[in-house]
Amino acid sequence: MKDFLVEKLRENRDLSDTELKALIETNEHDKALMTAADEVRRERYGISVYLRGLIEISSYCKNNCLYCGLRAGNKKAQRYRLSKDQILSCCEEGYALGYRTFVLQGGEDPHFTDDLICDLVKEIKERYPDCAVTLSLGEKSRASYEKYYEAGADRYLLRHETADKAHYEKLHPEDMSAENRKRCLYDLKEIGYQVGSGFMVGSPYQTTENLIADLRFLQDLQPDMIGIGPYITHKDTPFGDKQGGSLELSLRMLAILRLMFPYALLPSTTALGTIDPMGRELGLKAGGNVVMPNLSPTDVREKYAIYDNKICTGEESAQCRRCLEMRIESAGYKAVTDRGDVKRG
Ligand code: 5AD
Ligand code: SF4
Ligand code: FES
């Protein structure tokens, strides 16, 4: 029997707030949601799963997000930053493995000045003109974003975290604001980047209304990529005693996103894989079509600890690519290494 709400969401790519609330707050629709999400992803993207090589360039951060292990106030955090040569070696290794997108991600580290970032981007684009360069380096001025774009950066990832102002203020110190985060995202879009945004599922104090506000914000922004994953506790943060988000709700939100944004690139995230051994496979089956294997040097991996028990940080992690390829195949999909640009329209 067809599920009325799920079919309505599939048809209209939208529902009223009341209907969304009904979908989000019970598990009754989950089976129909997952099936519909998988059908929609297959119509648009087939069984392709795009691989993005992730390079975590710095674990320093000047910010103090209350949920994150890299927050400046965490004196126990181990800090490192990669040199230009180290980053270029990661790209070289990634290119040999077939990756055609490199994601440079890091905390907001003042060491990485605009000049350094532009120099890096130019060098990578010069060496690998067939690759996309994605930056994920936090909130910057519009002028800075413009410089990176001119240097050749193609994409920028910046999760909005939560669209609700009051909720945002519970998760961040006073010097950060939902308003500035959104300003950054609209700037990035206007400049011409392919933009990724997203939010944590089950972050402290999050309500169903907050999740609906996240969906509404994304409808306005129309990002190319939407990254979501469960909130996971980090013991050395002010939220060290807060509960983490569930696998069930994370998968449900992912499937809802696939139906609302059929065109979107939706990663099945490391956080999903961290809270459940089959999390990433289930994420793909719920509509996910991107994975981001870690390309960072193995000796720094465990230092990029945004939450506890992060996977892919130990001995086994040199093998992330093979490991992920097997997981993708076992879930019934196919890993592809081309640039994998968004398929709108
Ligand atoms: N649990 C899950 N995700 C987190 N992030 C930061 N801290 C945590 C946490 N404790 C996410 C944020 C950020 C991304 C890089 O990681 O959404 O944007
Ligand atoms: Fe820094 Fe990002 Fe962690 Fe916030 S979430 S403390 S900006 S690394
Ligand atoms: Fe990193 Fe499995 S994907 S070890």
Which value, in Å² rounded to 10, gives the accessible area of E108 with a 1.4 Å probe and all protein chains present?
20
Taking only the alpha-carbon atoms of the chain, the convex hull volume per residue, in cubic angstrom, is 124
Where the centroid of each part is defined by its Cα atoms, how far is the stretch 141-205 from the stretch 275-290 in Å?
25
With the dipole of the stretch 1-154 defined by +1 on each Lys or Arg Cβ and -1 on each Asp or Glu Cβ, the option from G138, G73, T101 whose Cα lies farthest towards the positive pole is G73
Place a point 7 Å from the Cα of Y186 in the direction of its beta carbon; the residues of the stretch 324-345 whose amide N falls under 19 Å from it are none
Between D119 and T207, what is the label-point separation in nm under the 7 Å Cα-to-beta-carbon projection?
5.0
Given 0.36 nm per residue, what is the gain on full extension from E11 to Q243 after removing their alpha carbon distance, in nm?
80.0 nm
Straight-line reach from K76: which aspartates and glutamates have a Cα under 16 Å away, not including same-chain ones fewer than 8 places off?
D236, E302, D308
Coarse-grained scattering of the stretch 186-345 at q = 0.10 Å⁻¹, given as base-10 log I(q)/I(0) from a Debye sum over alpha-carbon atoms
-0.38
What percent do you get for the relative contact order of the stretch 88-172 when only Cα pairs under 8 Å and 6+ apart count?
30
Going by average Cβ neighbours within 10 Å, how do the peptides 65-75, 21-31 rank, with the highest at the top?
65-75, 21-31
Modelled label-to-label distance, K2 and R79, 7 Å Cα→beta-carbon offset: nm?
5.8
Let me know the Rg and Dmax you get for the stretch 1-113 when you use only its Cα atoms, in Å.
21.3, 58
Can you tell me the equivalent ellipsoid semi-axes for the stretch 125-166? Use √(5λ) from the Cα gyration tensor, largest first, whole Å.
26, 12, 6
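The values are calculated or read from the model by the stated rules, or taken from the named source; none is laboratory data. Here the structure is a predicted model, which is why all the values come from computation and not from measurement. A quick note on method: Cβ atoms are made from the backbone with ideal geometry, for glycine too, and the neighbour counts reach across all protein chains shown. Remember, those area values only see protein heavy atoms, side chains included, never the ligands or the DNA or RNA. Shrake-Rupley method; radii C 1.70, N 1.55, O 1.52, S 1.80 Å.
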